[in-house]
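Notes to accompany the following structure.
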Amino acid sequence: MSGHMAFDDKLVMMANQIGKFFTPQRQGDPVAGIATHIRKFWDPRMRAAIYAHLDQGGAGLDEPVRQAVARLKQAEAHH
Amino acid sequence: MSLVPETDYGTPASKSTDLVTLTIDGQKVTVPAGTSIMRAAMDTGIQVPKLCATDSVDSFGSCRLCLVEIAGRNGTPASCTTPVAPGIVVSTQTERLKQIRKGVMELYISDHPLDCLTCAANGDCELQDMAGAVGLRDVRYGYEGENHTKQAKDESNPYFTFDASKCIVCSRCVRACEEVQGTFALTIQGRGFDSKVSPGAMEDNFLSSECVSCGACVQACPTATLSEKSLIEIGQPEHSVVTTCAYCGVGCSFKAEMRGEELVRMVPYKDGKANRGHSCVKGRFAWGYANHKERILNPMIRESIEQPWREVSWEEAIGRVASEFKRLQEKHGRLAVGGITSSRCTNEETYLVQKLIRGGFGNNNVDTCARVCHSPTGFGLSQAFGTSAGTQDFDSVEKADVILVIGANPTDAHPVFASRMKKRLRAGAKLIVIDPRRTDLVRMPHIEADFHLPLRPGTNAAIMNALAHTIVTEGLVNEKFVREFCDRDAFEYWAAFVSEPQNSPETVGLMAGVAPEDIRGAARLYATGGNGAIYYGLGVTEHSQGTTTVMAIANLAMVTGNLGREGVGVNPLRGQNNVQGACDMGSFPHELTGYRHISDDTTRTMFEKLWGRPLDSEPGLRIPNMFDAALEGTFKGIYVQGEDILQSDPNTSHVVAALKAMECVVVQDLFLNETANYAHVFLPGSTFLEKDGTFTNAERRINRVRKVMTPKNGLADWEITMAIAKAMGFEMPYKHPSEIMDEIALLTPTFTGVSYDLLDKVGSVQWPCNEKAPLGTPTMHIGGFVRGKGNFLITEYVPTEERTGPRFPLLLTTGRILSQYNVGAQTRRTDNVVWHDQDVLEIHPHDAEVRGVRDGDWVKLDSRAGGTSLRAKITDRVAPGVVYTTFHHPDTQANVITTDFSDWATNCPEYKVTAVQITPSNGPGEWQKEYNAQAEHSRRIAAKIAAE
């Protein structure tokens, strides 16, 4: 990793790392696990940034992570 | 005030539960079987004269002063080496014994300098006491014959002297070095009259020997032979106060021995439950930083980091903090500011900082330096067991049969606990070390690991899975424990996962560089060797899979049933003194005290009612997220208490850029640390000697910190935070830290029973301390887990994104050294620099040879994040392909190299794996020169410039 990673790129990497833990879990819904982790530990501006990234196509997000971010975004919009 | 009294029983306590009754000097005494007659006598208040006996080491029977007579037995046996027996009748004072003792003392004194009035031990000398006790009035032999009174003094150690002329060769120092510390640096050289205490080889002095300056020998010495230099200079203390060391997570209890407000010496406290009377070079001796000339005692401000500092009043400095943070919030929004609590400060101070941020700033942008060390422990163990902490007390190690140490180097980083562990290992416990480096524990005097798995950095999770694979596929599961205490479905899924071929030792071993048969052997030993105890450190947590490995460790303990009793468990060795406490106190942005999530309405409402402020229900920024948000432009101000984020956090250039992007950086510390180079307000902090409070150590033990002197800076740290809160319009009118603890207890279920009154009464307690456990909880999860059933989680190995390649073919891993502490801000300002005055790079001979690097050469160390230069140390402690350095010195800045890859769950940085290249160098690089120039420029103080 070089000196400064773009904010969006770093968030995508972090979200995918979370996904790599939850995806192999064999109990519960991995997508829900990813969404809950992000909801519990990311501050609002980080979540807003990953939603915005998703809106722009979500480049780089692994599939379960993409689903989790979409689900979370929708849940927050309806909250 | 007076000196805190401690009784020396002469020999260690017996642990037998069988009792024996005997008679000593006409008194019936009942004591555990195996107790010495000397100790039994002391139990009844009878002090048998002694010189070579002390209760920190086994009896030796050399001084012949403690002789007694036993009715019906011949001779005059030594009471220290003679165990009690049922019904015996012992006399400690008879005409025969008096004559023998007087004769022995005559011989001792005939070869001892008679300079008692000017001797440093005057008033605290056991030889002097014994001369008095036996009624010595004359020395018939005279003093003219051949003697040792002209022997030279060894003053090589910076903290204590060895005056051989005063030595009575009682071997207490030699035995303390062996039995208490476990270093075996001292020996008795020569025979008969030529016998003398010797530190190692003939040519060695104390400094050049293997002595680690723990002070155990000084503590054990009955004369002035081994004396603290501070004692020699100042004189005998007149009062003492029991307090807690402010260095590592062991949390040793010490007596601060004082003369007025001057600290004479720190002496380990025998009743300290973490250290049991032992100490290390840092806690025992390295406290001189408190009076160092570079300590800042006045608040300072400046408009920009280009300007020199300007000393101002506390009112002006606090006013500046409040007005700047208010301005930033008005301009950039409520979330634009935050702060960092310190694992070096007390629980009460940490609690206040998070209260200030949540209640005063109105957001949850609070984090702690635990983020960059043990945050994966908190999250990982909470998911597996339901509690974010270790499961045992330190005493538990005495009942361990197999000790598994992974990613920890306790002889350097947790030396006092390491001594206790080594004692158990010498008594026969087996040892497994999992570490890329051949740490001291792997092979040292009288200890050799049964298995050392020198894994490639970054493969911890894979190795843990391979250990589990062996246990599950070879039928070594503790079925009873799993069936009774663990979630069955979770276990079945996990057992199927670890049984898969990719987790076999054969597959993992190839990738991790470890012999598969060693993995299998280690797994069999841990699963079948009796009580298995796992101890781990930052070599586990500071990885992109730190949390995963913590969970894998928990899985391993559960599948073997190594939980819920003494001698077993999962034991995180915490880095700094109050890491556990900082985490407990609600320092993380997503949770309040006691690890309760900020979004929980019931918990939040309780705090809101007591604090009188609405609290944000959203998690705040973690430290690395604060840096990112600063560079993004949404985070503008930070209050940093007792933490040097510039030196300790990874990817230094990234941290520098983030700090530069902020408009108000407030640093509260003892010294102008590296972070302060980019600060606008400096608030001088107080030392642990200058305030009241509590620290919580790695075993969840809440220990009192007691004020022994007035804060030199004028205010304790908790008072500074209160002043900021008041200026922000959020009053916290505490009169004493005990009131803060009362509030913590009121709000935190695991602390309900904690109060200063209780701590003063019982010494210390381990949380949970509440109605169910009024005196605390030494062992967790007895008869079931806090979360209900133990939870096996799938811990799939995911290689780090940090990869070696042609440009960066080596892997750098980092660590600590005994004499220095963390970023070195304290220890670099003590004489500990004689042992480690610079960070060096350990490199394997093969890697050095192909690069043309010789031992001691300067080398340039480059990674994708940055580069620095330091000297090379060629050693086969590291494997080919791996290099290692410490991070104690800012002029080499190991963290210029480390990247901002981090743990998936907690963002704990991946300090332990960085791809690097090494090339020969002529000296410090351009970056270091520029950095040092900037630091020097930034540390200018206007008043001092004017005076010059």
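The values are calculated or read from the model by the stated rules, or taken from the named source; none is laboratory data. This one's a predicted model, so the numbers in the text were calculated from it and none came from an experiment. Heads up, the Cβs are rebuilt from the backbone with ideal geometry, glycines too, and the neighbour counts pull from every protein chain shown. Heads up: the accessible areas ignore ligands, DNA and RNA and are worked out on the full protein's heavy atoms, side chains in. Shrake-Rupley method; radii C 1.70, N 1.55, O 1.52, S 1.80 Å.
Things worth noting here:
- Sequence-ordered 3J(HN,Hα) estimates for the stretch B:561-574 from the Karplus curve with 6.51, -1.76 and 1.60 and θ = phi - 60° stand at x, 8, 8, x, 7, 6, x, 10, x, 10, 10, x, 8, 6 Hz, glycine and proline given as x.
- Partner chain coverage, peptide A:7-14 - average Cβ within 10 angstrom: 4
- Relative contact order computed over chain B (Cα-Cα under 8 Å; 6+ residues apart), in percent: 13 percent
- Size of charge dipole - the stretch B:810-938 - debye, nearest 20, with Cβ of Lys, Arg +1 and Asp, Glu -1, no other charges: 120 debye
- Given B:K50/B:K399; B:K873/B:K929; B:K660/B:K929, the pairs whose alpha carbons are separated by over 25 Å: B:K50/B:K399
- Taking every residue in A:43-50 and counting other chain Cβ atoms within 10 Å of its Cβ, the average works out to 6.
- 1.4 Å probe, heavy atoms, protein only - residues of the stretch B:465-504 losing at least 40 Å² accessible area vs chain alone: B:Y493
- Across the stretch B:678-692, rounded Karplus estimates of 3J(HN,Hα) from the backbone phi angles (6.51 cos²θ - 1.76 cosθ + 1.60, θ = phi - 60°) give 10, 9, 10, 10, 10, 10, x, x, 10, 8, 5, 7, 10, 8, 9 Hz, Gly and Pro being marked x.
- Taking Cα atoms only, the orientation of helix B:546-559 departs from the longest principal axis of chain B by about 50 degrees.
- When peptides B:552-558, B:917-923 are ranked by their average number of other Cβ atoms within 10 Å per residue, the highest-first order is B:552-558, B:917-923.
- Note on B:R613 and B:D837: the extension gain reaches 75.8 nm, defined as 0.36 nm multiplied by sequence separation minus the Cα-Cα distance.
- When the alpha carbon gyration tensor of the stretch B:388-572 is reduced to an equivalent ellipsoid, its three semi-axes come out at 23, 19, 15 angstrom, largest first.
- Considering only B:P445, B:G123, B:V29, the residue lying farthest towards the positive end of the dipole of chain B is B:V29, judged by Cα position with unit charges set on Cβ.
- Paramagnetic reach from A:K40 in the stretch B:551-579 [backbone N under 19 Å; point 7 Å along Cα→Cβ]: B:551-555
- Summarising the amide proton neighbourhood of B:I794: residues at separation of 5 or more, or on other chains, whose placed amide H is nearer than 5 Å comprise A:R26.
- Basic side chains Lys and Arg get +1 at the Cβ, acidic Asp and Glu get -1 at the Cβ, and with that the dipole of chain B about its Cα centre reaches some 1000 debye.
- Linear extension gain, B:T919 paired with B:R64, 0.36 nm per residue minus alpha-carbon span: 301.5 nm
- Helix B:737-747 and the longest principal axis of the Cα set of chain B meet at an angle near 60°.
- Set of aspartates and glutamates with alpha-carbon distance to B:K282 below 17 Å, sequence-local pairs under 8 removed: B:E210, B:E228, B:E257, B:D412, B:D831, B:D837
- Here the peptides B:389-397, B:290-298, B:752-760 are ranked by packing, the mean other Cβ count within 10 Å, and the order with the highest first is B:389-397, B:752-760, B:290-298.
- Shown in residue order for the stretch B:832-843 are the 3J(HN,Hα) couplings computed by the Karplus curve 6.51 cos²θ - 1.76 cosθ + 1.60 at θ = phi - 60°: 4, 5, 5, 8, 7, 9, 7, 7, 10, 9, 7, 9 Hz (x for Gly and Pro).
- As a rough guide to protection, the peptides B:570-583, B:55-68 ranked by mean Cβ packing within 10 Å, highest first, stand as B:570-583, B:55-68.
- Counting Cβ atoms of other protein chains within 10 Å of each residue's Cβ and taking the mean over peptide B:789-800 gives 2.
- Between the helical axis of B:717-727 and the longest alpha-carbon principal axis of chain B there is an angle of about 30 degrees.
- As a calculated quantity, the FRET efficiency between B:L775 and B:S91 at R0 = 30 Å, using C-beta atoms, amounts to about 0.15.
- Toward the positive end of the charge dipole of the stretch B:873-948, with +1 on the Cβ of Lys and Arg and -1 on the Cβ of Asp and Glu, the farthest Cα among B:T914, B:Q928, B:A942 is that of B:A942.
- The fraction of accessible area contributed by carbon and sulfur in the stretch B:153-291 is 48 percent, rounded to a whole number (1.4 Å probe; ligands and nucleic acids excluded).
- Net dipole in debye of the protein assembly as shown [+1 Lys, Arg Cβ; -1 Asp, Glu Cβ; about Cα centre; nearest 20]: 940 debye
- Residues whose amide H comes within less than 5 Å of that of B:L870, counting only those at least five positions distant or on another chain, are B:V859, B:L861 (H built at 1.01 Å from N in the peptide plane).
- Counting 0.36 nm for each residue step from B:L114 to B:R524 and taking away their Cα separation leaves a gain of 141.4 nm.
- Amide H within-cut-off set for B:I434, under 5 Å, with H built and near neighbours excluded: B:V405, B:I406, B:G407, B:L453
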